[in-house]
Structure formats: C-alpha cells, structure tokens
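Written below as structure tokens is the structure these notes are about.
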Amino acid sequence: MRHDEYLRHDATALADLVRRGEVSPQELLDLARAQAERVQPRLNAVTRWLPALAEAQLAHGAAGPLGGVPFVVKDSVADVAGVPTSYGSRAGERLVPPVHAAVLRRLLDAGATVFAKTNLPEFGLKGVSDSRAFGPVRNPWDPARHAGGSSGGSAAAVAAGVVPMAGGNDGGGSLRIPAAFCGLFALKPSRGRISNGPGLGEVWFGACSEGVISRSVRDSALALDILCGPEPGDPFTGAAPAEPFVAALRRPPARLRVAFSTASPLGTAVDAEAAAAVQAAARRLEALGHHVEEAAPPVDGHAVAACYLQLYAAQVPAVMAQARALGARDTEFEPLTRVMAAYGQRLGGAALTAGLARWNGFARTLGAFFTAHDVWLTPTTARPALPLGALEPSPAEARLTDLLLASGLLAPLARWGALDTRVQRLFVQNLAPYPFTQLANLAGVPAMSLPLHRTPEGLPLGVQAVGRQGDEVTLLQLAAELEADAPWFDRLPPIASGSAAQ
C-alpha cells in the first residue's frame, strides 16, 4: 500500500482490508511511523514512541474491529504500563503506572496497534498545546499556528495523515477545540460513558471524558462502542446503549428541533467566520428537514467560567503534590502552573464545594432546555487557530511571575488574595478564544465538533453540537447526515500527502 492509498481509508476500512488479507498490520504500522517521523520536525505531535508496545501487539495478532489499525494516544490518563504518563510536564516523567488504563487495554483488545504518545500542554490546562517540556504542537494547516489543546498532538497526527483516528480526552473542550482547529470530527461522550480506571476514578470531578479525534463519524462511533462501559469501582457509570453506536448510524436521525446561537457566553468577541459557520450549518439542517430556531439556554457564562476556574485551581496543587511526593522539584513545573497552584491553595474546601454544587444548576437548566430542543449548535471556537505564542504572557507579566517565584513571595501574596484579580483576568483571557465548550463538561452532556467550515484563508473552523445527557446516538446520527451532505473526509492539508512535510 502507498501512503496516498492509506490516506483514502478510515480506520474502519483499514481494519476491513486487514481482515481480507489485502494489507498487513506491519505494512500499516510502517506507513504510519514513516509519516509520523516525516512530519514530527514540523508539527511536534509526538512526545514518546512506543516500539515495544507496538511490536507486542503485532506479535499478538490483529483480531478485533480495529485489527491492525495504527493508533496513537494522548500522554495523559491513557496509561501505558511501565511507561511514564507525563501529562505534558517534566515532573510527570516520574509518574510510571504499573498497569494499562482501561481505555488502552480496550483499544489493544480491539486490535489497534498503539505506537506513540501525543503532545499536550502541562497537565492539559490550556486550549493550546505548548508545554515547556515538549514544545508547541503546530497546526498541519498552518505550522505558524497552534493545533489547539489539550489533545493537540492527537489532532495534529490525524490531520497530518499519520493515523485515521487518535485518542484524547476532554475536560473543557480538549477534544473539540483541536478538532475544530485541525478540520476534524470529535465527540465528547456523556459523563460516565467511558471509564478512567483503574488508575483514576473521576477526572476533574467528572468534567473530563475520554474519547477520540477522527476523520469519519463511523470511526468515532466504532471507538465509542469499543471504549464505552464501566470498570469495577467506577464513581460514574452511564446506562448501557440499547444497541451498538455503529448500528445506530444505519438510521438517519429523526426530524430534530435544533437551536443555534453564536454570541459568546462571556460577552467576548466572536469572529465573523465562526458565527457564519454556525449560521451556514443551521441553514443546511433546515434544508435537510429539521426545525431550526435561534435560541440558547439561560446559563450565566461568567458563572460557568468561575466554576471552571475553581476546578482548575483545586486540581493543580493536588497534582503538583502528587508529583512532589515522587521527588519532583518546583522548578520542574511551569511558572503559570505554579501561579495557579498558589491561587488554588487559597481557594479552600468551602468555596470548592459551593462551586461544585453550582454544576447541578447548569445541568438542570440545560436539561430543561433540551425538553424543547434536541440539539444546540454554537461555534466550537470563537476564532480560527491561534498564532503560536498568542496566549503567552507579556514580557512584563512573565518577569513579574519569575520575580515572585524566585523571591518566595508568591505563596503569601496568594494567601492575602493579592493574586485573585490577576489570575481571574488571565483565565478569562485564555477562555476567550473558546468560551463555548466548558458548559457541556460541567453538565456532563455529550457534545461534538463538526468540521463544516473553512475561512477565506483556508483555515478550518468547527461547529459544536450539544445534546442531552446520554444521547450520543442523536448527535452521531446528525453528524453522519451532515457528513453525507457536506463530505469532509478528503479535506486534508498538503502536509498529509507529503507535499509540505519538510
């Protein structure tokens, strides 16, 4: 098989070729690894190669629905036994799990050949993947721009033609944002649909879900069939699907009540192209026979952002403490991570508990909205992929942070509340490019990004569709209908075919 032929097949089709004996798993792995090595200097998608795991899988055989399909996983949560799970941090190199994560085990059981881990921001804390440990992930459509985050390496690998589908997770848009920036499809499942075990229970208090980024809807449906289901002791479990998600794709969606909105819930700017993407999708759905109207749930976007900041602030010091217990030094953490940790130490249990309680209100409001609507459309991101360095602090802010860290004044200033305004301002600034995705995480509902739009400059923009709790079927059926009406599978950047790989 040539690389151009490899690009014409999704994971489902590649597995079928392997089953029919028309291509071997070794041949597919060689193609994937060669492309990964070719684009790595330009895109920086990979953090770690996994040759032993891949060779063991080839020796094991290629049975299963993903038999022989090359695959990469994000370097967080999807633990590989005996291999560091870095979480994009130098300190994370000490986190060496003793067993595979359930998601990895299920992929291997399905026959996937997992051969690399992909890049992300430190601890997955940003919508761009720019860790100091591994460097920034560049967008295959324009390497002067970010690929998004936090599953940026996985998105770059798929868009660059390395693999047809890649693993990731989504705690506030981390599958949907890079999919939108890279012209791909991604579905964040409902809370409890996929296990984080055995090494983890709830991730980010249940806001984070495992999933994949893909080029085809049927591949994402197949991955959900493979990955869904609980592990013993899981804190959240969803109801088992009535039928396989792949089987549900054989039926078109019912005529749906579709709401759409384009205004940022934070009152921040939304690029005209992002709004146009949603409006065009709404017109397309109306032409397909769905009832479409402009509407949005009455959720306070600033309250959502405040709760999301509390989530971050509570998680960071806990993760840093875990790494310190394994011998990590403070200097191994990025400066902004240390600032967030200091802010989080001030938060306190009462404030965190009150913030977590507000998630229920968001979920109830969204649930009421979905009694009158089946799907809600928004932009996935408020603008196209950001230029590299766009969210970096100014030189003056960076010098101030370095001074506070070096002087030992950061912790006392945080305890006195002197950092509150600065941290909150930085947080809203960093959310402004993607203010639409966090609500689905806090409410625990499924949401997807559809690669339906290109700017005049040729940059991808995604349209987000949010559904009711546990109803991935409606979203997947709608995505398949749109995929058939406006195909996107063959839209790949030049670097995927090798014409811009050097």
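Counting alpha carbon pairs within less than 8 Å and at least 6 residues apart, what relative contact order, in whole percent, applies to the chain? Before the final figure, lay out the partial values.
Details: 1098 pairs, mean separation 88.8, N = 502.
About 18 percent, as a whole number.
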_Rounded to two decimals, what is the ratio between the C-alpha radius of gyration of segment 160-204 and 2.2 N^0.38 Å?_
1.30
*Roll a 1.4 Å probe over the protein chains and send me the accessible area per residue for the chain in Å².*
36 Å²
*Show the residues, 5+ positions off or on another chain, whose built amide H is closer than 5 Å to the amide H of Gln464.*
Thr378, Thr380, Leu450
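Once you have the Kirkwood Rh of segment 1-156 from its Cα pairs, apply Stokes-Einstein at 25 °C and 0.890 mPa s and quote D in µm²/s. It would help to have the intermediate numbers written out before the result.
Details: Rh = 15.8 Å.
It diffuses with D of about 155 µm²/s by this estimate.
Counting every Cα pair in segment 128-195, what percent are over 14 Å apart?
Percentage above 14 Å: 52.
What part of the accessible area of segment 435-502, given as a whole %, is carbon or sulfur when the probe is 1.4 angstrom?
Working: 1050 of 2010 Å².
Heavy-atom surface of segment 435-502 belonging to carbon and sulfur, 1.4 Å probe: 52 percent.
To the nearest whole percent, what portion of all C-alpha pairs in the chain is separated by more than 45 angstrom? It would help to have the intermediate numbers written out before the result.
Details: 8824 of 125751 pairs.
Looking at the chain, the distances longer than 45 Å represent 7 percent of pairs.
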*Quick one: Cα centre-to-centre distance for segment 50-129 and segment 278-319, in angstrom?*
30 Å
*For segment 166-268, what is the convex hull (Cα atoms) projected area averaged across all directions, in square nanometres?*
8.3 nm²
*Could you run the Debye sum over the Cα atoms of segment 383-439, one equal point scatterer each and no solvent, and tell me log10 of I(q)/I(0) at q = 0.15, 0.16, 0.27, 0.30 Å⁻¹, two decimals?*
-0.58, -0.64, -1.14, -1.24
*asked:* I'd like to compare 141-151, 263-273: which one has the highest average count of other Cβ atoms within 10 Å, and what's the full order after that?
replied: 141-151, 263-273
_Per residue convex hull volume, Cα atoms of segment 386-489, in Å³_ = 149 Å³
*Largest first and to the nearest Å, give the Cα extent of segment 284-437 along each principal axis.*
63, 38, 30
*Sorted from largest down, give the three principal axis spans of the alpha carbons of segment 459-502, whole angstrom values.*
44, 19, 15
_Residue by residue through segment 127-132, what is 3J(HN,Hα) from phi via Karplus (6.51 cos²θ - 1.76 cosθ + 1.60, θ = phi - 60°)? Round to whole Hz and write x for glycine and proline._
x, 10, 9, 9, 5, 6
_Packing-based ranking, highest mean first, of 236-249, 442-455, 477-490, 192-205 given that Cβ atoms within 10 Å are counted_ = 442-455, 192-205, 477-490, 236-249
*If you project the alpha carbons of segment 87-230 onto their three principal axes, what span does each projection cover, largest first, in Å?*
40, 37, 27
*Under the rule of -39500 (n - 2.57) per DSSP H run of 4 or more residues, summed and divided by the residues of the chain, what mean residue ellipticity at 222 nm is obtained, to the nearest 500 deg cm²/dmol?*
-13000 deg cm²/dmol
*Separation in nanometres of the label points that stand 7 Å from Cα toward Cβ, at Ser24 and Ala56*: 2.2 nm
*asked:* Filter the chain for me: DSSP H helices, axial length by Cα at least 24 angstrom, mean Kyte-Doolittle hydropathy not below 0.0. List them by residue number.
replied: 301-325, 349-369
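What does the charge count near Ser220 come to, summing +1 for each Lys or Arg and -1 for each Asp or Glu among other residues with Cβ under 13 Å from its Cβ? Walk me through the numbers on the way to the answer.
Details: positive: Arg176, Lys188, Arg193, Arg215, Arg218; negative: Asp10, Asp170, Glu210, Asp219, Asp225, Glu472, Glu483.
My count for the surroundings of Ser220 gives -2.
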*Cα gyration tensor of segment 212-268 - equivalent ellipsoid semi-axes, whole Å, descending*: 27, 20, 14
*Please report, in debye to the nearest 20, how large the charge dipole of the chain is about its Cα centre when each Lys and Arg carries +1 at its beta carbon and each Asp and Glu carries -1 there.*
640 debye
*Where Lys and Arg each count +1 and Asp and Glu each count -1, what net charge lies around Phe181 among other residues with Cβ under 15 Å from its Cβ?*
+2
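Per residue and in cubic angstrom, what volume does the convex hull of the Cα atoms of segment 330-407 have? Mind dumping the intermediate values first?
Numbers: hull volume 12.1 nm³, N = 78.
Convex hull of Cα atoms, per residue: 155 Å³.
What number comes out for the charge environment of Thr437, summing +1 per Lys or Arg and -1 per Asp or Glu over other residues with Cβ under 14 Å away?
Numbers: positive: Lys126, Arg176, Lys188, Arg383; negative: Asp170.
Taking every Cβ under 14 Å from that of Thr437, the sum is +3.
The values are calculated or read from the model by the stated rules, or taken from the named source; none is laboratory data. This one's a predicted model, so the numbers in the text were calculated from it and none came from an experiment. Cβ sites come from the backbone with ideal geometry, for glycine too, and all protein chains shown count toward neighbours. Please note that ligands, DNA and RNA were not included when accessible areas were found on the heavy atoms of the full protein model with its side chains. Shrake-Rupley method; radii C 1.70, N 1.55, O 1.52, S 1.80 Å.
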